[in-house]
1. Scan ARG22, ARG11 and give me the residue that is basic (Lys, Arg) and either at pLDDT 50 or above or closer than 30 Å to GLU89 by Cβ (or both).
2. For LEU110, only one of the following conditions fails: (1) under 12 Å from PRO83 (Cβ atoms); (2) surrounded by fewer than 22 Cβ atoms within 10 Å (Cβ to Cβ); (3) not hydroxyl-bearing (Ser, Thr, Tyr). What is its number?
3. Can you tell me which residue among GLU100, GLU95 is within 30 Å of ILE122 (Cα to Cα) and modelled with pLDDT of 90 or more?
4. State the number of residues belonging to the stretch 45-69 that are in a loop (DSSP other than H, G, I, E, B) and among the aliphatic types (A, V, I, L, M).
5. Of the residues LEU144, LEU119, LEU105, LEU174, which is part of a helix (DSSP H, G or I) and within 24 Å of SER76 (Cβ to Cβ)?
6. Are any residues in the stretch 153-186 touching a residue at least 60 places away in the same chain (Cβ under 8 Å) and in contact with a Phe, Trp or Tyr (Cβ under 9 Å, 6 or more places away or on another chain), and if so, which ones?
7. So, ALA46, is that one within 27 Å of ASP183 (Cα to Cα), at pLDDT 90 or above, over 12 Å from the mean Cα position of the chain (by Cα) and not charged (D, E, K, R) or not?
Amino acid sequence: MPQAYPSTALRCPCIPTLILGRIERGTYSPSNSPLVKESLTPAKEAMEAGLIRCVGVSNFSVEQIQQARDLVDIVSVQNQYNPWYRQPELDGVLEYCEQEKLTFLPWSPLGGSRRVSRLQDIPEIAKLAQEKGVSVYSIVLARLRAKSPTIVPIPGATKTTSIEDSVRSLEVTLSQAEVSQIDKAS
């Protein structure tokens, strides 16, 4: 069972935002509000003490986000979302974030280290990348941003070139038809 962060871990005044509550799906009942409350109580205490200004949650369902918002102001939701894992489109989390104006931070937006190299193998993504003169990574990040104005992808990077490529993706615009084309392929 996940443990809540101890209050002592939050004593650093340099922490402006805390993404808290990484509760893995399948290990709890979504209606188990004591677990949500237990996870977020230290964040609530830290906000009340002025140690943090914002709280985000990770891997939460819509029901858990609602429970969390009953305890503390939530500004962001960080769930997995990429061409192979599109659960936020299906479970209502992305739509809820849009309605409630919460930032949605897709983690592993390029599929993670095991799948990122397979982006080239999705013909629609590779074709769009070639047509637009950008990398397949730029196309995938642009697709995410085109899906919702609340989305801010958080790609990992170990090389300077990857960071530069992620920044270049901000210049890529996809039409709804292009996004639909990618969605059908992945």
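The values are calculated or read from the model by the stated rules, or taken from the named source; none is laboratory data. Predicted, not measured: the structure shown is a model, and the values here were computed from it. Neighbour counts are summed over all protein chains in view; Cβ atoms, including those assigned to glycine, are modelled from backbone coordinates with ideal geometry.
1. Working: ARG11 fails: either at pLDDT 50 or above or closer than 30 Å to GLU89 by Cβ (or both).
Matching residue, one of ARG22, ARG11: ARG22.
2. Result: LEU110 passes all but (2).
3. Numbers: GLU100 fails: within 30 Å of ILE122 (Cα to Cα).
Matching residue, one of GLU100, GLU95: GLU95.
4. Start the filter on the stretch 45-69 by keeping residues that are in a loop (DSSP other than H, G, I, E, B), which leaves 49-53, 59-61.
Of the ones still in play, those that are also among the aliphatic types (A, V, I, L, M) are 49, 51-52.
Within the stretch 45-69, residues that are in a loop (DSSP other than H, G, I, E, B) and among the aliphatic types (A, V, I, L, M) number 3.
5. Values: LEU119 fails: within 24 Å of SER76 (Cβ to Cβ); LEU105 fails: part of a helix (DSSP H, G or I); LEU174 fails: part of a helix (DSSP H, G or I).
Going through LEU144, LEU119, LEU105, LEU174 in turn, just one is part of a helix (DSSP H, G or I) and within 24 Å of SER76 (Cβ to Cβ): LEU144.
6. Matches in the stretch 153-186: ILE154, SER186.
7. Numbers: within 27 Å of ASP183 (Cα to Cα): no; at pLDDT 90 or above: yes; over 12 Å from the mean Cα position of the chain (by Cα): yes; not charged (D, E, K, R): yes.
Spelling it out, it is not the case that ALA46 is within 27 Å of ASP183 (Cα to Cα), at pLDDT 90 or above, over 12 Å from the mean Cα position of the chain (by Cα) and not charged (D, E, K, R).
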